[in-house]
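Nothing in this text is a laboratory measurement; each read-out follows from the coordinates by a stated rule. Not measured: the values here are computed from a predicted model. So basically every Cβ, Gly included, is an ideal-geometry build from the backbone, and we count neighbours across all protein chains shown.
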Amino acid sequence: MKKIFAIALLVVLCFSFSGKKYSITFPGHLSKTIVARLADKDSICYYQCYCAISGTPPTYLPVDSVKKRKMKTGMVTVTDKFVLNKNGNVYRLRHFQSSLYDYPNKKFAYLKLKEKAYWNFTLSKDTTLSELSVFKLAALELKLRPLTETYFQVLSDNYPQVILNSKKTSEQRLVEGNYLIRKELPELGFK
């Protein structure tokens, strides 16, 4: 019995030291993104804000649909917070939701300075991302465009906005297209 245990222990030790380390290699067009350049133990915080029709849960309508319907009532703004941590080759994402639904949202731009208690973010999901989801987050950066002063308020005729906060970055951008982080990452369970 001792001999079998010793052999099993030896096999486990051999595999643990000779095992190949898994690493994510970003494609060339994504290699200069903030996600690709995250160092070990680093994190980046995404705040995404967009307009939706009130309900449980609020229903996102693409900008073109809102313009066609000329909607003026029943609108809310939804603000999600995502914290991406890199630990070795594991990317962990925590999703928080805010209970602040003011429309139009005039306060969103201040999140890049400092998060305030009145945003009331609560943890919704804590998950590890697949390689494909990490690539999707990096690719989202390629869809971000600079904002002009007129877009600082989150209104129904604006595309979703994202604030990126990390050690080296603090910027607010407009998402070119109707991309919502919560819907793009299958690990979060939204459709």
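Residues of the range 28-54 with an amide N closer than 17 Å to a point placed 7 Å from the Cα of GLU184 along the Cα-to-Cβ direction: 28-38, 44-51. Once the C-beta distance of GLU115 and SER23 is scaled by a Förster radius of 30 Å, the resulting FRET efficiency is 0.40 to the nearest 0.05. The slack between SER31 and GLU176, meaning 0.36 nm per residue of separation minus the straight C-alpha distance, is 50.2 nm.
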